[in-house]
Amino acid sequence: LNPEEGEMVQKKYSTAEAMYAKIKEEVCQRALALDEAVSQSTQFHDKIEPMLETLETLSTRLRMPPLIPAEVDKIRECISENKNATVELEKLQPSFEALKRRGEELISRSQGTDKDLAAKVIQDKLDQMVFFWEDIKARAEEREMKFLDVLELAEKFWYDMAALLTTIKDTQDIVHDLESPGIDPSIIKQQVEAAETIKEETDGLHEELEFIRLLGTDLIFACGETEKPEVKKSIDEVGKAAVPHSDKIR
C-alpha cells in the first residue's frame, strides 16, 4: 500500500475500533442496567411477599367478629389489644412506603402494565398491599368505635347497678330501724309518715330497676349472648334485694 492508502486504512481501522469500543461500552452498561433491574425486581418480590403475608394475616384477624365482654375492665383490655393492630401498621410503615416507591419505580422503567407482564404482576402486588393496608386501618377504627360504644354502655350499667345496690341497702337499714307500732297517736302518725316516705322511695327503686333492666338488655345485645348469663344474674340479684323490704312496708 502506498502511504495514502495506508493512512486511509489506518483511519478506517481506528474508526471501527472506536465504534467497537463504544458499542462494547454500551453493551456493558446495558448489561449492568439489566442486572441491576433484575436484582431490584428480585429484592422487591422477596420483600413484598412477607409483607403481603403479614398484612393478610392481620386483615383476616380483624375480619373476625370480636367477642365483646360486658365487664368494664375487660372491654378496656380489648381496646388496648385492638390498638396493637395500629401499632403494627406504624412499625410496618417505613417498609410499606419503601416497597410502594420501589414498585412504582420498576413499573415506570417498563413499557407499561398493559404491555409488560412483569410490570402487571408488580402492580397487582402493590394494589393488594395497599388494599390490605387500608382494610386493616378501617377495620381497626371500626372495632375501636364499637368497643368505645359498648364501654360507655357498660360503665353506665355497672355504675347504676352499684348505686342502686347502695340505695337498696340504705333503704333496708332504714326499714330495719323502724320501731314497732306505738300506742301514742302522735307517734303512730310519725311512724305512718315515715313508712309512706320509705314506700315512695321504694317505688322509685323499682323504676330504677326497670331502667337498669333496659340497660342490661342493651348491653347483652351489644356484647352477644355469651355475656347474657352474667348480666342477667346481676340484674336478678338486685331485683331480689329490692323485693323483700319493699314488701315489708306495704
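The values are calculated or read from the model by the stated rules, or taken from the named source; none is laboratory data. Every value quoted in this text rests on a predicted model; they were computed, and no experiment measured them. Note that each Cβ is placed from the backbone with ideal geometry, even for glycine, and that neighbours are counted across all protein chains shown. Heavy atoms of the whole protein, side chains included, go into the accessibility calculation; ligands, DNA and RNA do not. Shrake-Rupley method; radii C 1.70, N 1.55, O 1.52, S 1.80 Å.
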A careful count of residues in the range 119-132 that are closer than 16 Å to Thr54 by Cα, free of Cβ contacts under 8 Å to residues at least 60 places away in the same chain and open to solvent by 70 Å² or more (accessible area, probe 1.4 Å) gives 2
So, in the range 106-118, of the ones that are assigned to a helix (DSSP H, G or I) and open to solvent by 80 Å² or more (accessible area, probe 1.4 Å), which residue ends up nearest to Gln40 (Cα to Cα)?
Ser108
Which is modelled with pLDDT of 80 or more and under 60 Å from the mean Cα position of the chain (by Cα), of Glu56, Glu17, Glu25?
Glu56
Does the range 72-82 contain any residue that is open to solvent by 60 Å² or more (accessible area, probe 1.4 Å), over 29 Å from Ser41 (Cα atoms) and among the polar types (S, T, N, Q)?
yes
I'd like the full set of residues that are touching a helix residue (DSSP H, G or I) at 6+ places or on another chain (Cβ under 8 Å) and open to solvent by less than 90 Å² (accessible area, probe 1.4 Å), limited to the range 57-71.
Leu58, Ser59, Leu62, Pro66, Ile68, Pro69, Ala70, Glu71
